[in-house]
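Asks: Before I ask anything, here is the structure I am working with.
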Amino acid sequence: MQANGTTPLVEMRDISIAFGGIKAVDGVSVDLRPGEVVGLLGHNGAGKSTLIKILSGAYRPDAGEIYVNGEKADIGTPRDAKRYGIETIYQTLALADNIDAAGNIFLGREVLTPYGTLDDATMEAETRKVMARLNPHFRRFKEPVKALSGGQRQSVAIARAIYFNARVLIMDEPTAALGPAETQQVADLVLQLKKEGIGIFLISHDIHDVFGLADRVSVMKNGKLVGSANVADVTQDEVLGMIILGKCPPGAVPGPGAS
Amino acid sequence: MTAPAATTAPPHATSGSLLSKLEIDVRMLGMLAALAAIWIGFDVLSGGLFLTPRNLWNLSVQTASIAVMSTGMVLVIVTRNIDLSVGAILGVVGMIIGVLQVQWLPAWLGFEHWLTAPIAVVAAVLIGGAIGLFQGWLIAYLAIPSFIVTLGGLLVWRGAAWWVTTGQTVAPMDTRFKALGGGVEGALGATATWVIAAVACGLIVVALGLARRRRIRFGFPVRPGWGDAVIAVFACGAVLAAAAIANAYPLPVGTARRWAEANGIAWPEGGLIIPHGIALPVLIAIVVGLAMTFLARRRRFGRYVFAIGGNPEAAELSGINTRWTLMKVFGLMGLLCGISACISTARLNAATNAAGTLDELYVIASAVIGGTSLAGGIGTIAGAMLGALVMQSLQSGMVLLGVDTPLQNIVVGAVLVLAVFVDGLYRRRIK
């Protein structure tokens with residue numbers, strides 16, 4: 001493994017995927033370095049979520065390659081992605097509503113006793129630890145997550161992503177369903193994780209969110225990459241122009257989707 | 001996993017109702033209350049015929065086959081699927097093992113060979129499991145809706161059952177095999193029943209103690225010590241009461257005399273009272289229930305089954321192999337049909353191609369009365385078995401009262417709908 005800061009944690013090259021003849025993602029390349037937050041912007045239907053689902057293993061791309069730490073990675077299932085340290089917080093949270101917080105956090109990666117049974121006590125103890133860090137007021141460990149508030153459910157989804165030492169974190173519209181205080185909590189968390197050297201893809205259609213947190217932005221439109229830019233080199237209006245018109249400003253590197 | 005939300009006390013709760021302190025499942029308690037009401041009601045209406053050791057013993061034997069299959073149906077329904085083919089699978093498996101022990105095995109081993117029964121049981125489980133896995137494969141990997149696959153299965157396996165002997169009934173069964181159906185051969189007797197009850201009580205106490213110690217070791221809140229004691233007393237009391245009732249039902253005089261003669265015991269003047277004890281099919285059903293509960297609650301497989309039912313997409317994204325899990329659920333269902341085929345074939349002492357007709361509906365109704373949600377994700381094994389007992393109690397009770405068959409069906413159907421309505425009300429209230 002290269003500790004070199006210039007080797008991207010993750011690089012997606014020329015990724016394409018089509019559904020029923022419609023190219024949802026068309027030749028998109030993005031990358032992410034350690035401790036970097038990259039905002040992925042675009043309208044609804046621009047292909048952001050699809051691109052990210054390819055990285056998290058939910059879809060297999062028709063074309064293109066994914067490199068993790070400079071080495072070609074084969075990601076065909078969510079399990080593969082997790083093996084590479086890629087964790088995802090989905091917009092829908094992807095929680096099993098009928099199961100408690102510990103059950104959800106360890107879903108698919110249960111801790112077992114030597115007899116091969118579920119070690120619920122250990123999982124609950126670990127859940128209490130990680131939740132104490134994320135949401136100190138969280139008390140409802142024994143209830144199905146259906147009974148939790150939006151913010152609490154969000155904490156469970158985040159806990160699941162960070163508990164297993166993620167190196168790459170994908171956050172798909174992480175604040176869409178949250179109030180202002182909880183949004184601030186998520187922002188603080190992003191900055192804290194960034195300090196720990198985790199790379200974060202932040203997907204949003206709200207550019208204010210992204211400008212506050214991201215180091216770089218990549219903009220997609222109609223499945224194609226309009227361009228990428230350092231946040232410092234472009235204005236919010238210019239990024240808005242990229243999103244709406246597909247127009248790439250001088251401060252950005254244009255992609256195949258630039259008009 | 002049913003509605004722990006309502007029944008779990010928050011940590012360090014100082015107030016709260018008695019039930020929440022004891023962490024008892026209120027739903028399950030409601031079902032037990034309903035069952036008690038049905039039993040007492042029938043007892044009063046029948047002039048004391050219902051709550052007799054004899055009737056309760058028969059009731060337990062009659063429930064066994066449906067109860068065994070209902071444990072599998074819970075998992076099927078929890079994954080948002082359905083299995084309409086269980087009765088037909090029971091039918092075809094029953095026919096095959098009937099022919100196996102009446103025609104094929106005697107030709108090879110001779111009649112009444114001790115291996116006949118074990119071979120028949122293993123064959124039933126394997127054939128049932130294979131049929132279930134095949135249907136599960138169609139559902140999980142070819143993405144054909146389970147309703148359709150198992151509706152087709154209902155017709156296919158029922159037809160296959162006829163095909164085995166072109167409709168002829170096969171009888172009688174091997175003597176040792178017949179014990180699986182209960183009856184005199186399948187009653188375990190007083191001593192064995194008390195031993196089993198004592199072991200069960202010991203296990204209850206040990207399990208409660210271990211769970212408590214584990215929670216204390218991790219510093220989790222525990223229910224008060226007297227609460228555990230109350231639960232232990234009630235659970236052990238129920239086990240011992242059931243054993244006492246099973247032992248209070250003596251063998252009929254003629255059978256007892258034959259038994260005495262066969263065992264070289266002189267027939268005393270006043271007759272001989274030989275208790276039945278628990279019936280083998282009932283013991284099988286209880287063991288199946290415990291095994292299935294273990295699978296559903298303590299094993300990864302069970303966790304995945306519930307996760308798939310709660311949110312299939314989330315389960316998939318968590319890296320769970322949802323297809324293989326689903327295929328296993330149907331395989332398990334088929335395997336349990338194989339066990340039930342043994343019980344009902346042995347009880348009838350004959351294999352007929354009509355065996356298990358309409359069982360799919362009783363099995364589904366048991367699971368649903370027992371609190372399994374058709375929306376998926378919610379259900380308990382114990383609830384479904386209790387549901388099977390409720391249904392069988394209604395039917396036996398009405399037979400005892402001489403209610404006409406059509407009216408029996410009307411009542412059972414109405415109770416099914418009512419039970420689901422009440423359950424829905426309860427769930428909405430606790431939300």
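The values are calculated or read from the model by the stated rules, or taken from the named source; none is laboratory data. Computed from a predicted model, the values in this text were never measured in an experiment. Glycine also receives a Cβ, built like all others from the backbone with ideal geometry; neighbour counts cover every protein chain displayed.
Asks: What pairs can you find where one residue is in segment A:84-105 and more than 10 Å from chain B (Cβ to nearest Cβ), the other is assigned to a loop (DSSP other than H, G, I, E, B), and their Cβ atoms are less than 6 Å apart, with a gap of 6+ or different chains?
Replies: A:G85/A:A166; A:G85/A:R167; A:E87/A:A166; A:I89/A:P174; A:Q91/A:E173; A:A101/A:F141
Asks: Looking only at residues in segment B:316-334 that are at pLDDT 95 or above and surrounded by 23 or more Cβ atoms within 10 Å (Cβ to Cβ), which one is nearest to A:L55 (Cα to Cα)?
Replies: B:L326
Asks: Scanning segment B:32-60 for residues that are hydrophobic (A, V, I, L, M, F, W, C) and in contact with a Phe, Trp or Tyr (Cβ under 7 Å, 6 or more places away or on another chain), which turns out nearest to B:I274 (Cα to Cα)?
Replies: Going through segment B:32-60, the residues hydrophobic (A, V, I, L, M, F, W, C) turn out to be B:32-40, B:42, B:44-45, B:49-51, B:56-57, B:59.
Adding the requirement that they be in contact with a Phe, Trp or Tyr (Cβ under 7 Å, 6 or more places away or on another chain) leaves B:39, B:42, B:50-51, B:57.
Working: B:W39: 26, B:F42: 28, B:F50: 22, B:L51: 20, B:W57: 15 Å.
Ranking the candidates gives B:W57 first.
Asks: Identify all residues within segment A:81-123 that are β-branched (V, I, T) and surrounded by fewer than 22 Cβ atoms within 10 Å (Cβ to Cβ); write none if there are none. Step through it out loud before you land on a result.
Replies: Taking segment A:81-123 as the starting set, the residues that turn out to be β-branched (V, I, T) are A:86, A:88-89, A:92, A:99, A:105, A:111, A:113, A:117, A:122.
Within segment A:81-123, A:T92, A:V111, A:T113, A:T117, A:T122 meet the criteria.
Asks: Please determine, by comparing only the residues of segment A:106-120 that are part of a loop (DSSP other than H, G, I, E, B) and at the interface with another protein chain (Cβ under 8 Å from one of its Cβ atoms), which one is nearest to A:G197 (Cα to Cα). Reasoning before the result, please.
Replies: Of the residues in segment A:106-120, the ones part of a loop (DSSP other than H, G, I, E, B) are A:106-111, A:113-117, A:119.
Imposing the further condition that a residue be at the interface with another protein chain (Cβ under 8 Å from one of its Cβ atoms) reduces the set to A:107-110, A:116-117.
Details: A:L107: 25, A:G108: 26, A:R109: 24, A:E110: 26, A:G116: 35, A:T117: 35 Å.
So, considering only residues that are part of a loop (DSSP other than H, G, I, E, B) and at the interface with another protein chain (Cβ under 8 Å from one of its Cβ atoms), the one nearest to A:G197 (Cα to Cα) is A:R109.
Residue-wise test of (1) within 21 Å of B:L317 (Cα to Cα); (2) in a strand (DSSP E or B); (3) modelled with pLDDT under 90.
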{"site": "A:T6", "(1), (2), (3)": "no, no, yes"}
{"site": "A:E11", "(1), (2), (3)": "no, yes, no"}
{"site": "A:D14", "(1), (2), (3)": "no, yes, no"}
{"site": "A:I17", "(1), (2), (3)": "yes, yes, no"}
{"site": "A:V28", "(1), (2), (3)": "no, yes, no"}
{"site": "A:G35", "(1), (2), (3)": "no, no, no"}
{"site": "A:V38", "(1), (2), (3)": "no, yes, no"}
{"site": "A:T50", "(1), (2), (3)": "yes, no, no"}
{"site": "A:I66", "(1), (2), (3)": "yes, yes, no"}
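Asks: Of the residues A:M171, A:M123, only one is of a type in the set (A, V, I, L, M) and more than 13 Å from chain B (Cβ to nearest Cβ); which? Lay out the reasoning, then the answer.
Replies: Details: A:M123 fails: more than 13 Å from chain B (Cβ to nearest Cβ).
Just a single option satisfies the conditions, and that option is A:M171.
Asks: Which condition from (1) of a type in the set (A, V, I, L, M); (2) over 17 Å from the mean Cα position of the chain (by Cα); (3) outside any loop (DSSP other than H, G, I, E, B) is the one that A:A96 breaks?
Replies: (3)
Asks: Here's a check for you: in segment A:137-165, which residue that is away from every other protein chain (no Cβ under 14 Å) and within 10 Å of A:E87 (Cα to Cα) is surrounded by the fewest Cβ atoms within 10 Å (Cβ to Cβ)?
Replies: Of everything passing the filter in segment A:137-165, A:N165 is surrounded by the fewest Cβ atoms within 10 Å (Cβ to Cβ).
Asks: Check every one of the strands (runs of 3 or more DSSP E) wholly within segment A:143-221 and list those with 3 or more residues that are under 19 Å from B:L317 (Cα atoms).
Replies: Output list reads A:168-172, A:199-204.
Asks: Is it true that B:L295 is within 14 Å of chain A (Cβ to nearest Cβ) and within 30 Å of B:T79 (Cα to Cα)? Talk me through it step by step, then tell me what you get.
Replies: Numbers: within 14 Å of chain A (Cβ to nearest Cβ): yes; within 30 Å of B:T79 (Cα to Cα): yes.
Here the answer is yes, as B:L295 does meet what is asked.
Asks: Consider A:I75 carefully, then state whether it is within 27 Å of A:S155 (Cβ to Cβ) and assigned to a helix (DSSP H, G or I).
Replies: Numbers: within 27 Å of A:S155 (Cβ to Cβ): yes; assigned to a helix (DSSP H, G or I): no.
No; evaluated as a whole, the condition is false for this residue.
Asks: Does B:L35 satisfy the condition of being closer than 28 Å to B:A187 by Cα, under 17 Å from the mean Cα position of the chain (by Cα) and either modelled with pLDDT under 95 or not assigned by TED's automatic domain parsing to the domain that holds B:L290 (or both)? Full working, then the answer.
Replies: Details: closer than 28 Å to B:A187 by Cα: yes; under 17 Å from the mean Cα position of the chain (by Cα): yes; either modelled with pLDDT under 95 or not assigned by TED's automatic domain parsing to the domain that holds B:L290 (or both): yes.
The answer is yes for B:L35.
Asks: Looking only at segment B:345-365, count every residue that is modelled with pLDDT of 95 or more and either outside the structural domain of B:A179 (by TED's automatic domain parsing) or among the polar types (S, T, N, Q) (or both) and tell me the total.
Replies: Residues that pass the stated criteria total 1.
Asks: Please tell me if A:L134 is over 30 Å from A:D26 (Cβ atoms) and within 14 Å of another protein chain (Cβ to nearest Cβ).
Replies: Numbers: over 30 Å from A:D26 (Cβ atoms): yes; within 14 Å of another protein chain (Cβ to nearest Cβ): no.
No; evaluated as a whole, the condition is false for this residue.
Per-residue answers, yes or no, for (1) within 14 Å of another protein chain (Cβ to nearest Cβ); (2) in a helix (DSSP H, G or I):
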position	(1), (2)
B:R213	yes, yes
B:F220	yes, no
B:V233	no, yes
B:P268	no, no
B:I286	no, yes
B:F306	yes, yes
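Asks: If B:R303 satisfies every condition in (1) buried (at least 18 other Cβ atoms within 10 Å of the Cβ); (2) within 24 Å of B:A197 (Cβ to Cβ); (3) among the charged types (D, E, K, R) but one, which is the exception?
Replies: Result: B:R303 fails condition (2) only.
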